[in-house]
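K.L.:
Take a look at the following structure, please.
Just so it is clear, none of the values below were taken in a lab; they were calculated from the coordinates. Since the model is a prediction, treat every value here as computed from it, not as a measurement. Here Cβ is always computed from backbone atoms with ideal geometry, including for glycine, and neighbour counts include all displayed protein chains.
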Amino acid sequence: MSAVTVGIDAIAFHGPGAYVEMAALAEARGVDPAKYVRGIGQRQMAVATPCDDTVTLATEAGRKALEAFGVDPASIGTLVVGTETGVDHSKPCAVYVHELLGLPTACRTFETKHACFGAMAGLTTAMDWILSGRANGRKALIIASDIARYGLRTAGEPTQGAGAVAMVISANPRLVELDPVLSGDYTRQVMDFWRPLYSKYAQVDGHYSIDCYLDAFSGCWEDLRERAGERVAELDITALDACLYHVPFTKMAKKAHHRHWEVQLGRPVAREDPEVAQITASQAERVQPWLSLNERVGNIYTGSVFLALLDYLRRLDPEREGRAFSLFSYGSGCGAALQLARTVPGAASFAAQLDPTPDLDARKELTVEAYEALCEACERADENGTELADPARWEVGGTLCYTGTVDHRRQYTRVD
Ligand code: HMG
């Protein structure tokens, strides 16, 4: 690592106040609940109301990160919102968030889009901004915010979700140091998942998208190995305390870890091969323990790998502080990055600030009928002049709400 360390100084999650149980959704769809709960690996799925949008989720996550870690909004010199579910073809979500958080006008503010990879692109851009000296002591706020929608009764339906993760990136961070050398990139034009301009719902070639994800992991790992040079031993999985992957559904992270071992071993590992026991034990040690938040929220696209990171950090044992871990972000279409990082001594002392479970526990459980009604209302909530985004109608309170589009302008109100 270089003398100046750069990384994550604060992090927080914010999601909608409602969810549906995956077992209940499976029953309503005539599917064995074990498929959703064990096969896909999801327990619950966050459900956005028409009053939640990418801006409200991002702003609330940003507010929580700044407040919980005592970061002065005046110290923010770059704001990036990574999203693939923006609210306007031209105007970035980031500029609404900038106003709602009261950030300084002397701030570079923009939105990044590359499916689920957008926030990781923002994070590494922020690292470069600080390392180049342009930040001049200021910090960057990077927010991953999305609402994942495939539509009712589609194969993708159990892999929906909604939420945002906000991170403050700074020199001499309190939580995580990002390695400026040990990272690998990958880009390839593929049609695995996309959302045409005319549609609110993603088009997806589900099983192909899994292959594209795994191929992108292999590509990143090869690039990382080439860049590592004499530090190649640091890439060994057994040297890593945790392996955090993009989590469209938690089973996918386990598939990614299997591929991680395959690229390290330099050959495929089949079910009957002796290495399977070692890989299974490694999954149990380095992957599974940090998926409990993703299991309860679902796919949040750009933020999902950072939700796994939050889970890892909130459970950090002081004895494991300073150990290295990997972060893999995959965005369909496709672009990906594999980044090595390590926790900072003292990071475990922030466990209370890092724990989003009280908010998750306070969410309202929806019946499948109520979930379907919300999805249908969300389809038209962005239209000009509708009254669908009414907080009283959806019993939303205690948070920032989108309250509709009036005279073609989006309206935001804090509801108590
Ligand atoms: P599917 O065809 O409904 O499910 O699609 P399946 O038949 O593949 O079964 C899923 C798993 O459940 C399998 O496990 C089954 O064996 C198991 P696996 O073999 O894979 O380990 N299963 C059962 N287990 C226990 N009891 C049972 C049972 N039945 C089956 N009774 C799919 C699943 C994920 C493809 C679908 O939901 C989908 O299309 N989702 C959206 C696409 C997606 O999430 N792709 C992931 C990779 S791409 C990515 O991550 C990028 C993304 O986030 C977008 C972006 O970048 O912006 C999506």
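K.L.:
To make sure I understand, if each residue's beta carbon is the centre and we count other beta carbons within 10 Å, what order do 236, 407, 390 fall in, fewest to most? Kindly include the intermediate steps, with their values, before the conclusion.
P.N.:
Details: 236 10, 407 7, 390 17.
Fewest-to-most ranking of 236, 407, 390: 407, 236, 390.
K.L.:
Taking 22 Å as the cut-off for C-alpha to C-alpha distance, list the pairs among 35/113; 113/364; 64/251; 251/364; 35/251 that go past it. Please report the intermediate quantities before stating the final value.
P.N.:
Numbers: 35/113 31 Å; 113/364 31 Å; 64/251 29 Å; 251/364 25 Å; 35/251 11 Å.
The answer is 35/113; 113/364; 64/251; 251/364.
K.L.:
A further question on this structure: Sorted by mean Cβ packing within 10 Å, highest first, what order do the peptides 280-286, 80-86 take?
P.N.:
On the way: 280-286: 15.9, 80-86: 28.0.
Final packing ranking: 80-86, 280-286.
K.L.:
Put +1 on the Cβ of every Lys and Arg and -1 on every Asp and Glu Cβ in region 325-398; which of 356, 373, 396 then has its Cα farthest towards the positive end of the dipole?
P.N.:
Looking along the dipole axis, the top candidate is 356.
K.L.:
Suppose a student asked you for the relative contact order of the chain, using Cα pairs under 8 Å spaced at least 6 residues apart; what percent would you report? Write down the numbers at each step before the final one.
P.N.:
Numbers: 953 pairs, mean separation 96.2, N = 416.
With pairs under 8 Å counted, the relative contact order is 23 percent.
K.L.:
A further question on this structure: Net charge within 9 Å of residue 53 by Cβ-Cβ distance, Lys/Arg positive one each and Asp/Glu negative one each, not counting residue 53 itself?
P.N.:
Numbers: positive: 410; negative: 52, 382.
Within the 9 Å Cβ shell, the charges total -1.
K.L.:
Between residue 67 and residue 379, what is the label-point separation in nm under the 7 Å Cα-to-beta-carbon projection?
P.N.:
If labels sit at residue 379 and residue 67, their model points lie 3.6 nm apart.
K.L.:
What number, in percent, do you get for the relative contact order of region 43-100 if the mean sequence gap of Cα pairs under 8 Å and at least 6 apart is divided by its residue count? Write out the running numbers ahead of the final one.
P.N.:
Details: 27 pairs, mean separation 25.3, N = 58.
Rounded, it is 44 percent for region 43-100.
K.L.:
Moving on. Give the order of 19, 198, 301 when sorted by the count of other beta carbons within 10 angstrom, beginning with the fewest.
P.N.:
Numbers: 19 23, 198 5, 301 29.
Least crowded to most crowded, the residues run 198, 19, 301.
K.L.:
Pop out the Kirkwood hydrodynamic radius of region 241-319 from its pairwise C-alpha distances, inverse of mean 1/r, in Å to one decimal.
P.N.:
Working: mean 1/r = 0.0765 Å⁻¹.
After inverting the mean inverse Cα-Cα distance, the result is 13.1 Å.
K.L.:
What fraction of the Cα pairs in the chain, stated in percent, has a spacing above 36 angstrom? Could you put the intermediate results ahead of the total?
P.N.:
On the way: 17089 of 86320 pairs.
The calculated P(r) of the chain puts 20 percent of pairs beyond 36 Å.
K.L.:
Which of 143, 73, 120 sits farthest toward the positive end of the charge dipole of region 71-192, with +1 on the Cβ of Lys and Arg and -1 on the Cβ of Asp and Glu?
P.N.:
73
K.L.:
Once you keep just the Cα pairs under 8 angstrom separated by 6 or more residues, what percentage relative contact order results for region 1-136?
P.N.:
Numbers: 170 pairs, mean separation 31.2, N = 136.
Relative contact order comes out at 23 percent.
K.L.:
Among the Cys residues of the chain, which have no other cysteine Cβ under 4.7 angstrom away?
P.N.:
93, 107, 116, 212, 220, 243, 334, 375, 378
K.L.:
From the C-alpha coordinates alone, can you work out the Kirkwood hydrodynamic radius of region 314-405, in Å?
P.N.:
On the way: mean 1/r = 0.0565 Å⁻¹.
Computed over region 314-405, the radius equals 17.7 Å.
K.L.:
Continuing with this model, one more query. From the Cα trace of region 69-219, what convex hull volume per residue do you get, rounded to a whole Å³? Before the final figure, lay out each step's value.
P.N.:
On the way: hull volume 21.4 nm³, N = 151.
Dividing the Cα hull volume of region 69-219 by its residues yields 142 Å³.
K.L.:
So how long is each side of region 14-154 along the principal axes, counting just the alpha-carbon atoms, biggest first, in Å?
P.N.:
Reported extents, whole Å, longest axis first: 57, 32, 28.
K.L.:
If you rank 306, 328 by fewest surrounding Cβ atoms within 10 Å, what's the result? Numbers along the way, then the final one.
P.N.:
Values: 306 30, 328 27.
Ordered by Cβ neighbours within 10 Å, fewest first: 328, 306.
K.L.:
Figure the gain on full extension for residue 198 and residue 406 (residue separation times 0.36 nm, minus the Cα-Cα span) and round it to one decimal in nm.
P.N.:
72.7 nm
K.L.:
Please give, to one decimal in nm, the separation of the simple spin-label points placed at residue 361 and residue 188, each 7 Å out from Cα toward the Cβ.
P.N.:
It works out to 4.5 nm between the two label points.
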